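Worksheet: the structure to be examined is printed underneath.
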Amino acid sequence: MEYKSMHMDKALLLYSGGLDTSVMIKWLQENLSLAVSTLTLNVGNSDLVAIQEKARTLGADPVFVHDAIDEFAQGFIAKSIMANGSYEGYPLSTALARPLMAEKAVEYAHRIGAKYVVHGSTGRGNDQVRFEVSIRAIDPSIQVLAPVREWNMMRKDEIDYAKKHGIPVKLDGKYSIDENIWGRSIEGPDIEDIGKGIPEDVYEWVTPPWQAKNDHIVKISFDGGIPTEIDGEKMKLSDIITYLNAVAGSSGIGLIDHMENRVVGLKSHEVYECPAATVITYAHRYLESLILNRNETEMKMFMDWQFSKFVYGGLWHDPVMNAINAAEAEFNRDINGELKIRMSHGLMYTEGAWGNSFLYSTDLINYSSNAFDQRSSKGFIDIYGNATIHSHKRALKMTGKVEGTSLQY
Ligand code: ARG
């Protein structure tokens, strides 16, 4: 093997342990005569020991595993929290992990001198776009292979191929699942049929709201837009997320039924379970609403959307992301405070908010306070309404209608 691999081109495969990438190890060896090395990133989903063993059994060498939970939480999820990351209601869980995986793939490919980086995404989805744009942006000399796009195997063919090559196949795999601490995504034929409801065996992280029996009250503290404490206890972000996935999930929070517009122009029906992402985003938005003024809110909504669109679309490594993230950091500078949230049957209610950077002031809005002089509003309305009032008057005149009637435009 040693001797052989000296003469073979090397490929670094992003390995999940699932059927596609397991078949791929053999396929790359057999069809392209490559020396295959695997990299498995733990972003909150993997049984690293079992995956490592499996890759070894299939002849991958070296087999790398990399625990990336905190890099993922601090370098990627944190930015998304600040930007209320959401693409059409989907908290970007898979999308956020891909650029990190691409970065690590290039790093490990360099380490072993691999010419190729290989991923297991299909030609219909977004992940191929994310992997390839990022890898090629980071190191254009690396060649990316996507065997699933080429080999034209149906699931049944893959299972046959696996059996022929002694690759262990888990037969319970009805759905295509991708998960990390920010969420679990489920795709599959049983979900594609829009004429049917979502099969209940899809749900693993969230107790469906109609079955949830638990109410939970949780206090979340934010510092600079990032959650830092749960119920008064300081925790690192990845632990906060893991904790909230469990408690919010059991209260029915975080089921997302998404008719999604993919980058490649296809619509797909997908299900997500994102309890922590849902409650953290809810809390972050609530806090923002207490702290940012109207102009900031409006501009931030635009920035948030740009952030989400670029991340979803696989353009994490575009220079515009530096500008977006800088703006988001600025908007989040004063997002500090604490929120008490009740989670119940899939819904969230704020039961108190505290902080010293709130713009919201009872003094200004209160009926019995004189901090704002109501009389100034009259002059404001005179000027503010000018354009509308005068244009409408003119329109009445031109249609021959008299004042006192109204027009349908
Ligand atoms: N549609 C989602 C996205 O583009 C999730 C894709 C994850 N893949 C899966 N096999 N569930 O981010």
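The values are calculated or read from the model by the stated rules, or taken from the named source; none is laboratory data. On a predicted model such as this, the values are computed, not experimentally measured, just so you know. Positions of Cβ are backbone-derived with ideal geometry, glycine not excepted, and every protein chain shown enters the neighbour counts. Accessible surface is based on the protein model in full, side chains and every heavy atom, while ligands, DNA and RNA are left aside. Shrake-Rupley method; radii C 1.70, N 1.55, O 1.52, S 1.80 Å.
From the list Ser141, Ser86, Ser93, pick out the single residue that is open to solvent by less than 20 Å² (accessible area, probe 1.4 Å) and either closer than 28 Å to Ile324 by Cα or more than 14 Å from the ligand (Cβ to nearest atom) (or both).
Details: Ser141 fails: open to solvent by less than 20 Å² (accessible area, probe 1.4 Å); Ser86 fails: open to solvent by less than 20 Å² (accessible area, probe 1.4 Å).
One residue alone meets the criteria, Ser93.
Cβ contacts < 6 Å: first residue without any contact (Cβ under 8 Å) to a residue 12 or more places away in the chain, restricted to the range 353-380; second residue not in a loop (DSSP other than H, G, I, E, B), any location; separation 6+ or different chain. Result?
Pairs found: Ser369/Asp363; Ala371/Asp363; Ala371/Leu364; Phe372/Leu364.
Can you tell me which residue in the range 102-127 is most open to solvent (accessible area, probe 1.4 Å), limited to those that are assigned to a helix (DSSP H, G or I), closer than 24 Å to Asp9 by Cα and in contact with a helix residue (DSSP H, G or I) (Cβ under 7 Å, 6 or more places away or on another chain)? Break it down stepwise before answering.
Pass one, the range 102-127, residues assigned to a helix (DSSP H, G or I): 102-112, 127.
In the following step, the residues that additionally are closer than 24 Å to Asp9 by Cα were identified as 102-112.
Still in the running and in contact with a helix residue (DSSP H, G or I) (Cβ under 7 Å, 6 or more places away or on another chain): 102-103, 105-106.
On the way: Ala102: 0, Glu103: 64, Ala105: 0, Val106: 5 Å².
Of everything passing the filter in the range 102-127, Glu103 is most open to solvent (accessible area, probe 1.4 Å).
Just a yes or no: is a residue in the range 236-256 under 17 Å from the mean Cα position of the chain (by Cα), of a type outside the set (Gly, Ala, Ser) and within 16 Å of the ligand (Cβ to nearest atom)?
Looking for residues that are under 17 Å from the mean Cα position of the chain (by Cα), of a type outside the set (Gly, Ala, Ser) and within 16 Å of the ligand (Cβ to nearest atom), one finds at least one in the range 236-256, hence yes.
So, Ala73, is that one away from the ligand (no atom under 16 Å from the Cβ), in a helix (DSSP H, G or I) and small (Gly, Ala, Ser) or not? Reasoning before the result, please.
Numbers: away from the ligand (no atom under 16 Å from the Cβ): yes; in a helix (DSSP H, G or I): yes; small (Gly, Ala, Ser): yes.
In short, yes.
Kindly check whether there is at least one residue in the range 186-193 that is at pLDDT 95 or above, farther than 22 Å from Glu30 by Cα, within 13 Å of the ligand (Cβ to nearest atom) and in a strand (DSSP E or B). Walk me through it before giving the result.
Taking the range 186-193 first, the residues at pLDDT 95 or above are 186.
Subset that is farther than 22 Å from Glu30 by Cα: 186.
Those left that are additionally within 13 Å of the ligand (Cβ to nearest atom): 186.
Pick out the ones that are also in a strand (DSSP E or B) and you get 186.
The answer is yes, given that some residue of the range 186-193 is at pLDDT 95 or above, farther than 22 Å from Glu30 by Cα, within 13 Å of the ligand (Cβ to nearest atom) and in a strand (DSSP E or B).
Among the numbered criteria (1) more than 16 Å from the ligand (Cβ to nearest atom); (2) under 29 Å from Tyr312 (Cβ atoms); (3) over 20 Å from the mean Cα position of the chain (by Cα); (4) at pLDDT 95 or above, which single criterion is violated by Gly197?
(4)
Of everything in the range 22-50, what is open to solvent by less than 10 Å² (accessible area, probe 1.4 Å) and part of a helix (DSSP H, G or I)? Give them in sequence order.
Ser22, Val23, Met24, Ile25, Leu28
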